[in-house]
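**Q** Structure provided below as structure tokens; questions to follow.
The values are calculated or read from the model by the stated rules, or taken from the named source; none is laboratory data. Note that the structure is a prediction, hence the values are computed from the model and not measured. Because the Cβ atoms are built from the backbone with ideal geometry, glycine has one as well, and the counts that use them run over all protein chains shown. The accessibility values were calculated without ligands, DNA or RNA, using every heavy atom of the protein model including side chains. Shrake-Rupley method; radii C 1.70, N 1.55, O 1.52, S 1.80 Å.
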Amino acid sequence: MRTSLNDIALAEKYLLGKLEPEDALVFEAKLLTNPVLRWNVAAQKEVYSVLKFYHRKKLKKEVQAVHQNIFNDARHQDFKQEIIQLFK
Amino acid sequence: MECIQLKEGISVQPEAAREKVFEALYRKAFPGVARFVSKMNGTLEDSSDIFQDALVIYYEKTQDESFVLETSAEAYILGIAKHLWIRKFTRDRMRISLDITEINITLPNDYDPTVNINRLLKFIEQSGRKCMELLHTFYYEKVSMKEIAGRFGFVTERSATVQKFKCLEKVRDKIKEKSIAYEDFIE
């Protein structure tokens, strides 16, 4: 793998807490002295954060699809009526 | 127990298995949540919104290996729904009784994305969908590298791994690009 990708692999281990303590210290020292690396790692941290919400959005869509299914499918008529009755 | 079934299902066939689980939970847990919302003078739409979020939160919790379900899934989901309701309508807090199990339920404090995350997400969904799909499969679907390679058309597991890091780099650089544009990168 090219160097920049190895850096990303290393930063991932650091961010996920998978580096040995001494390796983490070395990495943190590099972060202190290297502003570009600092910026890269901060942005990589955001990637995981964005992914988490991407995942949530996906789950929500799946749940909504199930909702649509249940409320539009004739097989679930009784269930639908039972729910609607609660709001009458 | 339900959550164990769920986990087993997930490792085999992610989305299709999830759909079945969600449908079963809908039938089992939605009536209770709808009854609760109706008692709170909420609408059918309120109950659907709350229930959908509760289901997502429940599902996320069951994915955490340390999670132990000490009651039925429907009781737990109702508990989450009550907390969601209290968070939305603080004034109703005194009207809602919570049992011991329900009191101990915690909601993720970052459930709703920040404005900044939302903006980044929209931007990346438009410009880096393929990479997001790959990364999502890698981190959230819990499938093997071999399976990922097959699904995304890589010849070897090794090339799938390399692609994963390339995608991380690509999305990272998009975030950097966006943060320069907004000048809001605080670190």
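**Q** So which of A:45/B:122; A:30/B:142; B:61/B:164 end up more than 29 Å apart by C-alpha?
**A** Numbers: A:45/B:122 17 Å; A:30/B:142 32 Å; B:61/B:164 26 Å.
A:30/B:142, as the Cα separations exceed 29 Å there.
**Q** Here is a further query. Which whole-Hz couplings ³J(HN,Hα) result when phi for each residue of segment B:91-107 is put into the Karplus expression 6.51 cos²θ - 1.76 cosθ + 1.60, θ = phi - 60°, listed in order with x for Gly and Pro?
**A** For segment B:91-107, the Karplus curve yields 4, 7, 3, 6, 8, 9, 9, 10, 7, 4, 4, 5, 4, 7, 6, 10, 8 Hz.
**Q** What list of ³J(HN,Hα) values in whole Hz, one per residue of segment A:71-83 in order, does the Karplus curve 6.51 cos²θ - 1.76 cosθ + 1.60 (θ = phi - 60°) give from phi, with Gly and Pro shown as x?
**A** Residue by residue, segment A:71-83 yields 7, 10, 8, 4, 5, 9, 3, 4, 4, 4, 4, 4, 5 Hz.
**Q** A further question follows. To the nearest 100 Å², how much accessible surface do chains A and B cover up together, summed over both, with a 1.4 Å probe? Each step should come with its number before you reach the end.
**A** Details: alone 7770 and 12510 Å², together 15210 Å².
For chain A against chain B, roughly 5100 Å² becomes buried.
**Q** For segment B:108-116, what does the Karplus curve 6.51 cos²θ - 1.76 cosθ + 1.60, with θ = phi - 60°, yield as ³J(HN,Hα) per residue in whole Hz, taken in order and with x for Gly and Pro?
**A** Each residue of segment B:108-116 in turn: x, 6, 10, 4, 8, x, 6, 4, 5 Hz.
**Q** Label-point separation (nm) for residue A:80 and residue B:16, each offset 7 Å from Cα along Cα-to-Cβ?
**A** Each label point is offset 7 Å from its Cα along the Cβ direction, giving 2.6 nm.
**Q** Kindly rank B:124-135, B:51-62 from highest to lowest mean number of other beta carbons found within 10 Å of each residue. Could you put the intermediate results ahead of the total?
**A** Values: B:124-135: 16.7, B:51-62: 22.3.
In descending order of packing, they fall as B:51-62, B:124-135.
**Q** Counting every Cα pair in segment A:2-86, what percent are over 23 Å apart? Could you put the intermediate results ahead of the total?
**A** Numbers: 1779 of 3570 pairs.
Percent of Cα pairs beyond 23 Å in segment A:2-86: 50.
**Q** I'd like to know which of A:43, B:37, B:127 lies farthest towards the positive end of the charge dipole of the protein assembly as shown, counting +1 on Cβ of Lys and Arg and -1 on Cβ of Asp and Glu.
**A** B:127
**Q** With every protein chain kept in place and ligands, DNA and RNA left out, what is the accessible area per residue of segment B:26-90? Probe 1.4 Å, answer in Å².
**A** Here the residues of segment B:26-90 average 41 Å² of exposed surface.
**Q** At each listed q (0.19 Å⁻¹), what is the log10 of I(q)/I(0) that the Debye formula gives for segment B:59-187 modelled as equal alpha-carbon point scatterers?
**A** Listed by q, the Debye log ratios stand at -1.05.
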